[in-house]
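A short worksheet on the structure shown next.
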Amino acid sequence: MPLHYLSSRQEYKICDRIVYTCSINRSLPWLVVVNPAAGKGRFEQQRERWQSRIRTVLPQARFITTRPEGGLANAIEAAQAEGLGGVLAVGGDGTAHQVVNALLQVKERTGEDILLALLPLGTGNDWIRTHGIPRRWRAWRAMFLRGHIRWQNLGLLHYQTLQGKAAQCYFLNVAGLAYDAFVVREVAQANGRGGKLLYLWATLRSLFKYTPQAARLTWPNAEASARYYTINLGIGRYSGGGMQLVPQANPQGEKMALTFVERISRLRVLLNSWRFYRGWVAGLKEAQLTEAAEVTIEGVDNNDPILLEADGEFLGQTPVRVTLVARGLWFVA
């Protein structure tokens, strides 16, 4: 737990999840990381209004914008050296993904956790669904001032970029391969412009473009091999605008959720799409739901690697190795 909050914490449970209640340290500066493009520029369009609102709960807020890889971690580490109450990310799932990876980079250097809060102004807000974080300002403000701090696990991905270089990153919600990553790449190639309508268009377009690929999955004491429509690993339950492809996910569990769906016709996907939103994916005969603390995914055909995304951000391709990072993130909820 972040050091500032150890002395005042009280522990209890909400819905079988451990929660700490304590006073959020607002006397120290907070770094507010804003994604200018999030939610079609919602923050930027009303910058003064949002800055004024945020300063009602964080009077010493210091505002910066998201920046290229490495730059954000350096900014957070510099602020931490001067005294830091926490980091407030302003945006959606993509912003949270970037900020969490920066926080973990800083932790690797300093050994200290940094408290995160997310003000959800993005287009994609799936992570907050699992934790019940409000979207409306008044409800969010009340939640923040209430001072409930939670922890959750993270997933650590080792993978290859499209250029064949080894890479790694953390994810806080859901990582997807095969069709899911195919969709995210389509959105990324369109520069992410269009919000939810773009995502819906990419989802439908990809359904008729994507062909299930052969893959081999290995996890402790088990393995599976087939042609897969989708492969998902979950810390949180929701992705893709409210779908529940990993309904068995528990952010504080000892394992990650693992769901994979073998080759399925396009018609069956369309007819059963309601299952994805209700969390009833297990009703598909092609689907298997399980849990694992470590998973390896490899493409059977080296000339046909399987694409990878995490938290709605396109990353790269197989081979992929995923491991659970226990208590990797402390946040306000």
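The values are calculated or read from the model by the stated rules, or taken from the named source; none is laboratory data. On a predicted model such as this, the values are computed, not experimentally measured, just so you know. Here Cβ is always computed from backbone atoms with ideal geometry, including for glycine, and neighbour counts include all displayed protein chains.
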Restricting the search to region 318-333, which residues are surrounded by 19 or more Cβ atoms within 10 Å (Cβ to Cβ) and part of a strand (DSSP E or B)? T318, V320, V322, L324, G328, L329, W330, F331, V332
Considering each residue of region 299-317, count those that are crowded, with 18+ Cβ neighbours inside 10 Å and either touching a strand residue (DSSP E or B) at 6+ places or on another chain (Cβ under 7 Å) or basic (K, R) (or both), and give that number. 11
Only residues that are among the β-branched types (V, I, T), surrounded by 18 or more Cβ atoms within 10 Å (Cβ to Cβ) and assigned to a loop (DSSP other than H, G, I, E, B): list them for region 202-249, please. I235, V246
Filter region 300-317 down to the residues that are within 14 Å of the chain's Cα centre (by Cα) and assigned to a strand (DSSP E or B), then identify the one that is nearest to Q168 (Cα to Cα). L315
A102 passes all but one of (1) more than 25 Å from T296 (Cα to Cα); (2) outside any strand (DSSP E or B); (3) not acidic (D, E); which number fails? (1)
Within region 131-138, is there a residue that is part of a helix (DSSP H, G or I), without any contact (Cβ under 8 Å) to a residue 12 or more places away in the chain, over 18 Å from the mean Cα position of the chain (by Cα) and outside the structural domain of R263 (by TED's automatic domain parsing)? yes
Flag for A38 being buried (at least 22 other Cβ atoms within 10 Å of the Cβ) and assigned by TED's automatic domain parsing to the domain that holds G122: yes
Limited to region 251-300, what total is found for residues that are basic (K, R), more than 30 Å from R150 (Cβ to Cβ) and touching a helix residue (DSSP H, G or I) at 6+ places or on another chain (Cβ under 9 Å)? 1
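One line per residue, one yes/no per condition, for (1) buried (at least 24 other Cβ atoms within 10 Å of the Cβ); (2) free of Cβ contacts under 8 Å to residues at least 12 places away in the same chain; (3) out of contact with any Ser or Thr (no Cβ under 8 Å at 6 or more places or on another chain); (4) not assigned by TED's automatic domain parsing to the domain that holds L307:
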{"residue": "V90", "(1), (2), (3), (4)": "yes, no, yes, yes"}
{"residue": "A96", "(1), (2), (3), (4)": "yes, no, yes, yes"}
{"residue": "L104", "(1), (2), (3), (4)": "no, no, yes, yes"}
{"residue": "K107", "(1), (2), (3), (4)": "no, yes, yes, yes"}
{"residue": "W140", "(1), (2), (3), (4)": "no, no, yes, yes"}
So which of W330, W280 ends up being over 16 Å from R216 (Cα atoms), hydrophobic (A, V, I, L, M, F, W, C), at pLDDT 95 or above and not assigned by TED's automatic domain parsing to the domain that holds A224? W330
Within region 35-56, track down each residue that is modelled with pLDDT of 95 or more and closer than 19 Å to F331 by Cβ. I54
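Do the conditions hold for R227, that is, is it touching a residue at least 24 places away in the same chain (Cβ under 8 Å), assigned by TED's automatic domain parsing to the domain that holds R53 and either closer than 30 Å to P59 by Cβ or in contact with a strand residue (DSSP E or B) (Cβ under 8 Å, 6 or more places away or on another chain) (or both)?
no
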Kindly provide the set of residues from region 145-162 that are modelled with pLDDT under 95 and not in a strand (DSSP E or B), ordered by number. L145, R146, G147
